[in-house]
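One structure is given below, encoded as structure tokens.
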Amino acid sequence: MKHGFDIRIVSYEHIHSIHKKDWNKLLKAINPQPNEIILDGMCGYGAVGKRILEKENSAKLFLLDESKVQMKRAEANLPEVPKKNFTISSLPKSNFKKEFFDKIVIKMGLHEVPKKEQVNIAKEVSRILKPKGKFIVWDIMLNNKTQSLFQDIIRKKDELSEFDMLTKERYFFKEDEFLKTMREATFSKITEFHTINYKFSSRKRLESELHNDKKKLNLLNEFIRKRFPKELKQPLDFKDNGDDIQFMITKKIYIMTK
Ligand SMILES: C[S@@+](CC[C@H](N)C(=O)[O-])C[C@H]1O[C@@H](n2cnc3c(N)ncnc32)[C@H](O)[C@@H]1O
């Protein structure tokens with residue numbers, strides 16, 4: 001079976017409508033300094049690493065992802081980074097030395113693995129991070145009302161996109177589960193740094209994920225219409241524009257130290 005991200009070739013800037021101000025906040029959270037050793041973990045095509053180097057070109061950037069296809073995209077995106085700094089590895093396993101990194105960033109990565117692996121990844125990050133190092137996470141933060149709703153909608157989208165492995169493996173955590181995971185992995189200082197209001201748009205998934213198949217988009221929209229609880233429509237700013245369904249979901253940037 002193919003790794004999900006070997007076939008999920010998308011632009012997160014497009015499908016997640018990322019605003020410049022949120023990228024700026026991420027860079028503020030990372031605050032890269034000259035010669036710091038920084039890991040862009042679960043890097044995809046290296047969008048985070050690229051911005052780190054634009055801000056501080058003397059940073060020693062490393063990138064890790066388990067998908068060979070994504071790693072090729074990252075290498076093409078970051079020709080200035082030495083080849084030895086690209087690691088194809090599946091977290092929580094990594095061959096980095098203990099306390100090697102000043103900073104580790106994982107953007108939209110933790111929810112890609114099963115729940116039990118999330119704590120193992122955070123523990124591995126803690127192992128390879130220097131004692132005063134920072135772990136910066138950008139991810140979706142759900143709650144009791146939104147967790148199963150969002151997970152069901154994304155599962156349906158993955159099923160229609162034929163991303164079979166993603167459908168089975170991902171766990172979209174609730175914010176309180178995320179905080180518990182971080183504490184279990186020995187991060188004692190946990191700072192909520194920034195809130196991102198992410199507007200989900202079903203239409204934005206048409207070209208890159210639903211293979212430009214309008215029937216699939218209709219099926220996804222039908223599913224969302226039926227699944228969306230009436231009482232959440234107003235709080236989540238639900239909008240049904242016929243071929244596009246939109247609603248708001250919260251993402252956050254957290255900074256952790258040990
Ligand atoms: C949604 S993408 C985010 C990519 C990038 N961080 C960004 O925001 O642009 C998630 C990435 O995590 C990678 N990934 C998933 N599970 C992984 C694991 N266990 N170890 C390492 N990488 C993993 C996938 O291959 C994919 O490239």
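Every read-out reported here was derived from the displayed coordinates using simple, explicitly stated rules and does not represent laboratory data. The shown structure was predicted, so the numbers you read here are calculated from the model rather than taken from an experiment. Quick reminder, even Gly has a Cβ in these numbers, built from the backbone with ideal geometry, and neighbours come from all protein chains shown.
Below is a table of values for the structure above.
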{"item": "Positive-pole candidate from Phe172, Leu91, Pro34, dipole of the chain, charges at beta carbon", "result": "Pro34"}
{"item": "For the stretch 75-87, Karplus couplings with θ = phi - 60° (6.51, -1.76, 1.60), whole Hz, Gly/Pro x", "result": "4, 5, 6, 10, x, 6, 8, x, 4, 5, 8, 9, 10"}
{"item": "Helix 214-227 vs. the chain, principal-axis angle (Cα, 0 to 90°, nearest 10)", "result": "90"}
{"item": "Positive-pole candidate from Asn120, Gln147, Pro229, dipole of the chain, charges at beta carbon", "result": "Asn120"}
{"item": "Residue-by-residue Karplus 3J(HN,Hα) for the stretch 178-189, coefficients 6.51, -1.76, 1.60, Hz, glycine and proline x", "result": "4, 5, 5, 4, 5, 5, 4, 8, 6, 7, 9, 9"}
{"item": "Per-residue HN-Hα couplings for the stretch 130-138 [Karplus 6.51, -1.76, 1.60; θ = phi - 60°; Hz; x = Gly/Pro]", "result": "4, x, 9, x, 10, 10, 10, 10, 10"}
{"item": "Stretch gain in nm, segment Glu80-Glu162, where the contour uses 0.36 nm per residue and the Cα spacing is subtracted", "result": "26.1 nm"}
{"item": "Residue of Leu219, Leu61, Leu91 that the Gaussian network model of the chain assigns the largest fluctuation, springs spanning Cα pairs under 10 Å", "result": "Leu219"}
{"item": "Estimated inter-spin distance, Lys132 and Asn95, nm [label 7 Å along Cα→Cβ]", "result": "3.1"}
